[in-house]
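Peer 1: Please see the structure below; I have some questions.
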Amino acid sequence: MGDMTNSAVDFYPKNQRGESNHAGEFGCSLDELRSLMELRGAEGVQKMQDTYGDVNGFCRRLKTSPTEGDLLPADGVLIQGNDLKIDESSLTGESDHVRKSADKDPMLLSGTHVMEGSGKMVVTAVGVNSQTGIIFTLLGAGGEEEEKKDKKGKQKGGKSKRQKGDEENQNKAKKQDGAAAMEMQPLKSAEGGDGDDKEKKKAGSSKKEKSVLQGKLTKLAVQIGKAGLVMSAITVIILVLYFAIDTFVIQKLQWLPECTPVYIQFFVKFFIIGVTVLVVAVPEGLPLAVTISLAYSVKKMMKDNNLVRHLDACETMGNATAICSDKTGTLTTNRMTVVQAYVGEVHHKEVPDPDAIPSKTLDMLVNAISLNSAYTSKILPPEKDIGLPRQVGNKTECGLLGLVLDLKRDYQTVRDQTPEEKLYKVYTFNSERKSMSTVIKMQDGSFRMYSKGASEIVLKKCSNILNTAGEPRGFRPRDRDEMVKKVIEPMACNGLRTICIAFRDFPGSPEPDWDNENIILIDLTCIAVVGIEDPVRPEVPDAIKKCQQAGITVRMVTGDNINTARAIAIKCGIISPGEDFICLEGKDFNRRIRNEKGEIEQERIDKIWPKLRVLARSSPTDKHTLVKGIIDSLHGERRQVVAVTGDGTNDGPALKKADVGFAMGIAGTDVAKEASDIILTDDNFSSIVKAVMWGRNVYDSISKFLQFQLTVNIVAVIVAFTGACITQDSPLKAVQMLWVNLIMDTFASLALATEPPTESLLMRKPYGRNKPLISRTMMKNILGHGIYQLTVIFTLLFAGETIFNIDSGRNAPLHAPPSEHYTIIFNTFVLMQLFNEINARKIHGEKNVFDGIFRNPIFCSIVFGTFAIQIVIIQFGGKPFSCIPLQIDQWLWCMVLGVGELLWGQIISSIPTNRLKFLKEAGHGTQKDDIPEEELNEDAEEIDHAERELRRGQILWFRGLNRIQTQIRVVKAFRSSLYEGLEKPESKSSIHNFMTHPEFRIDDSQPHIPLIDDTDIEEDAALKQNSSPPSSPNKNNNAIDSGINLTTDTSKSATSSSPGSPLHSLETSL
């Protein structure tokens, strides 16, 4: 690419050079260049002319020389070009090649490819300042470099004055450059000042914030753990006190040295019981359940063409409330395709069958398309078996060649008969002609010219049209107007690009003057008018409909023009006629979300995004800004969880910022895949619906597990605690508790976390960020089943020996053998948990708990396996498990009490949840109050410094006002008491001594100042009427409400109390 080092202009916005240096050394500042590079087409040309005169003036200002080359590793301005065409799809996502010229569209961007022609450019931005660099900066790729620079700066041990001055200039440049600030940190960027270190630290850290579920589970687990710790501590304390009081106070025994080992054994037993309560209470199976559920889902999602890169993205997708999708390649096939055709005076709404077209017309159409197109445009076989044929070259021409293949003809055969070198004359497409024509010499010596181009241009040059028999007939202006009205306009309304294909025959002699286009490109015969579009993927409308049923809003964000985008959105079902929605272009979007200073405001975004459905002509930063704005928004009853789909490099920042980023596996670039959380291996939007199903299934699986585990937790802890306090021993021994813990943690997490998803998951709204893990219905189930189990256990504990006619196991000595009584309690408890595990399969109040149970073989095998192991433990466990074998009738009674769980579950599900007002939800997402101070401080760094200073100023202002108001009331009270019955002095009260800055004073012109009583209200009202608006910096009306009139004070001692006055010292002290 030529000598880049000689021509590139080096800018170091984050290092040593400031704006002043750039301006002095190069004549252009970084923010000027960056704002220039964001312009396109005529806007860029106009800006160039207004600011620099012309390209040469621009070069002179930059003090550089033009660069020649064919590779674009940097941003630049084209200063001379020859039919230059650039593929900007890696940045914009649009596949059409963009024609560049110095007078029309001179902006060249890094990361784009030169497809045709040649040219010279002057480099304006390299590295992190180029458009590709900015995208990588948004992705956090520059974090490590920043850290290295920080280390180097620290090693040098302080900065010189010049460096500090440069940094100040740089910060000024940042503030002036709204667009640049938006590029680097699109929303509420922290600029300069105190936050630099934390900002860099944050940029350098690759730690991703907790997922929605992770945050909820962490908080819930901590709460349960704390409760368990308190319960276990209380249990141990009560046992020790009970034992000590009973032994040493009631029985009045002495602590003899020989009895010490016995006492220690008792204390160890109490400690073991306490630890057992703690082990049962702490949900250590929760992380296991989450991991198993996610891992199982990820494995299954792979079969549904979802390659999950980040495990937590799977469950986050279940909470998604919005999807911001790219158009090209995601909703559409990224392949220009002919979808409508007007041939033989018939308008075909679909590609016609070859038999429906007259043979003469068909031959003419195939030859016109095959020969009158660049021979570099081809359609090649797909790289993969599942893929579509590849389009190489000009996309529009590939669409026309695809029509030839759809008509069961081969364009290559036609081209082989007339090789490229035998083409007699070619009029290439340009902006003036708006058409392309190719002349071939026929075998009889005559000439035939094929033309194609924009329909409104070519049709004006047509005087004939092929009729239904394939013969030419007259084509008058009236016919043309009718055709425009009935054919071309309906096609355009559907977002189609209309192209007219025509031909003209010339005699062999005399040979026409081919250079005189005015007499060549007229009197054409129209063969056909075709409508080309990038078609919607066939499965997309159904997928979007499912998303909308599931409460997910789909938005299209594209670089295409707004008419095409709107037409595609209607075809997809994103928007429907009659709905209240907004379609915006990127320019309008930016204008609406920015204030007068060019800064983005969240409040403005909140007014737009709820109704926004299509964002067209958007830049990568617009997409990033929209995604960040929706995620940060507090508008509505719940916070949004946003998924983003994309395939190009330009989608990288938005994919990274989104809660879940989907990249295309086939058409996606490496940057997009690296930034994403899930890769769609089949590039199919409908695979996202499967991801939503699996995500919701993960969420439900964990909720099922929580419902089951918390029931066991509550019952086991209460039984152990109550039993220990009343009987000096836990009915459930330590080893038995550990077996119960194994059932409810490991086995239950395996059984409940592997439930397959069903379509019914898509029939409810998403939970969102703030929805609690444990709903009121689940809390009803937990408490209801807990009451049943506690009733059964305590009945067996205190009346079991009478019911079964066996010996009581209560108050057994220290090393007593196992009892039938406690074995029945243990067996009943475990069987109740097994049957409650079946109840836990349903968490939304469904009646049929067996629905789909046999579709989950893991669940069935775990339930039956646990039951089998329980039989072995009871019958053969012996002393280690504190069990003795039970009789068959005792087993049956235990089974009946266990099955009672299923019957009780039906009763509970019949009780309406809304009747139980006392039920509370649990497992809410992390609220702002719960976030540690350090994290809050980090988040605060994202707030604009100006905004932060304003808030700080407001807070100090309010505090100051409140203090002054209180002090003045005290002064009034004292003054009233001092001068009661005396004549009031003339002096006015001064607050110079109360305030740090003497710019304000209080005008107290009331004739009488009463004591602090109800008359203060009247006084305040009077003051409001008499006072003028305060001259506070933020014009806050609270100053008026408080009855204080603030005016600017120029003299420092104008109305202060005289030094000799009795109030002077009082005011000073106050």
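The values are calculated or read from the model by the stated rules, or taken from the named source; none is laboratory data. Since the model is a prediction, treat every value here as computed from it, not as a measurement. Note that we place each Cβ from the backbone using ideal geometry, even for glycine, and neighbour counts take in every protein chain shown. The protein model used for the area step is the full one, side chains on, heavy atoms only, and it has no ligands, DNA or RNA in it. Shrake-Rupley method; radii C 1.70, N 1.55, O 1.52, S 1.80 Å.
Peer 1: Report the accessible area of D729, computed with a 1.4 Å probe over the heavy atoms of all protein chains in place, in Å² rounded to the nearest 10.
Peer 2: 30 Å²
Peer 1: In square angstrom, rounded to the nearest 10, how much accessible surface does E674 have for a 1.4 Å probe?
Peer 2: Result for E674: roughly 120 Å² accessible.
Peer 1: Same structure again: Per-residue counts of other Cβ atoms within 10 Å, averaged by peptide: what ranking do you get for 368-379, 443-454, highest first?
Peer 2: Highest to lowest by the protection proxy: 368-379, 443-454.
Peer 1: For a quick protection proxy, order the peptides 880-893, 399-412 by their average other-Cβ count within 10 Å, most packed first.
Peer 2: Numbers: 880-893: 15.1, 399-412: 19.0.
Order by mean packing, descending: 399-412, 880-893.
Peer 1: Out of the total accessible area of the range 485-571 (probe 1.4 Å, heavy atoms of protein only), what percent is carbon and sulfur? The partial results should precede the final answer.
Peer 2: Values: 1740 of 3550 Å².
Of all accessible area on the range 485-571, carbon and sulfur atoms account for 49 percent.
Peer 1: Now, a different point. Using the Cα centre of the range 261-319 as the reference point, and only Cβ charges (+1 on K/R, -1 on D/E), how large is the resulting charge dipole? Debye, rounded to the nearest 20.
Peer 2: 160 debye
Peer 1: Take the residue pairs K216/K628; K395/K434; K597/K673 and return only those whose Cα atoms are more than 24 Å apart.
Peer 2: Those over the limit are K597/K673.
Peer 1: Roll a 1.4 angstrom probe over the protein heavy atoms and tell me the percent of accessible area of the range 614-712 that is carbon or sulfur.
Peer 2: That share works out to 46 percent.
Peer 1: Let me ask you something else. Calculate, for A454 and A295, the FRET efficiency according to 1/(1 + (r/R0)^6) with r their C-beta to C-beta distance and R0 56 Å; round to the nearest 0.05.
Peer 2: Taking R0 as 56 Å, the efficiency between A454 and A295 is 0.50.
Peer 1: Considering the dipole of the range 427-557 built from charges on the beta carbon (Lys and Arg +1, Asp and Glu -1) around the Cα centre, which of A550, N467, I488 is farthest to its positive end?
Peer 2: The residue sitting most towards the positive pole is A550.
Peer 1: Follow-up. With a 1.4 Å probe and every protein chain left in place, work out the accessible area per residue of the range 306-419 in Å², rounded to a whole number.
Peer 2: 40 Å²
Peer 1: If you count, for each residue, the other Cβ atoms within 10 Å and average over each peptide, how do 97-104, 732-739, 131-138 line up from highest to lowest?
Peer 2: Descending mean neighbour count gives 131-138, 732-739, 97-104.
Peer 1: List, largest first, the extents of the alpha carbons of the range 854-924 along their principal axes, each in whole Å.
Peer 2: Each principal axis gives a Cα extent; for the range 854-924 these are 47, 29, 25 Å.
Peer 1: In whole percent, what relative contact order does the range 686-796 give with Cα contacts below 8 Å and a gap of six or more residues?
Peer 2: 46 percent
Peer 1: Please give the Cα centre distance for the range 736-785 versus the range 80-119, rounded to the nearest Å.
Peer 2: 55 Å
Peer 1: Evaluate E = 1/(1 + (r/R0)^6) for T758 and S509, where r is the Cβ-Cβ distance and R0 equals 56 Å; express this FRET efficiency to the nearest 0.05.
Peer 2: 0.10
Peer 1: If you average the C-alpha positions of the range 217-255 and of the range 610-672 separately, how far apart do those two centres end up, in angstrom?
Peer 2: 53 Å
Peer 1: Still on this model: Keeping every protein chain present and rolling a 1.4 Å probe, give me the accessible area per residue for the range 730-769 in Å². Could you put the intermediate results ahead of the total?
Peer 2: Details: 1230 Å² over 40 residues.
Value returned for the range 730-769: 31 Å² of accessible area per residue.
Peer 1: Accessible area, 1.4 Å probe, largest first: how do L897, L72 sort? Write down the numbers at each step before the final one.
Peer 2: Numbers: L897 45, L72 15 Å².
The residues order as L897, L72, largest area first.
Peer 1: Place a point 7 Å from the Cα of Q875 along the Cα-to-Cβ direction; which residues of the range 802-832 have their backbone N under 16 Å from it?
Peer 2: 827
Peer 1: May I ask you to give the percent of accessible area on the range 772-889 that is carbon plus sulfur, with a probe radius of 1.4 Å? If you can, show how the numbers build up before the last one.
Peer 2: Details: 3420 of 5160 Å².
Within the range 772-889, the accessible surface is 66 percent carbon and sulfur.
Peer 1: For a label point 7 angstrom out from the Cα of Q251 toward its Cβ, which stretches of the range 701-731 have the backbone nitrogen within less than 19 Å?
Peer 2: What the label zone holds, given the 19 Å backbone N cut-off, is 724-730.
Peer 1: In Å², what does the accessible area per residue of the range 508-570 work out to with a 1.4 Å probe? Each step should come with its number before you reach the end.
Peer 2: Working: 2400 Å² over 63 residues.
With the other protein chains kept in place, the range 508-570 gives 38 Å² per residue.
Peer 1: List the relative contact order of the range 778-834 as a percent without decimals, with contacts defined as Cα pairs under 8 Å and 6+ residues apart.
Peer 2: Contact order relative to length: 34 percent.
Peer 1: If you don't mind, there's one more thing I want to ask. By how many nm would the segment from A227 to I787 lengthen if fully extended, with 0.36 nm per residue of separation less the alpha-carbon distance?
Peer 2: My answer for the length gained is 199.7 nm.
Peer 1: From the cross-link list K611/K656; K571/K611; K545/K623, which pairs have alpha carbons spaced over 20 Å apart?
Peer 2: Over 20 Å Cα-Cα: K611/K656; K545/K623.
Peer 1: Still on this structure: What is the gain in length, in nm to one decimal, between D416 and I888 on full extension, counting 0.36 nm per residue of separation less the C-alpha to C-alpha distance? If you can, show how the numbers build up before the last one.
Peer 2: Details: separation 472, 0.36 × 472 = 169.92 nm, distance 9.04 nm.
Gain on extension, D416 to I888, equals 160.9 nm.
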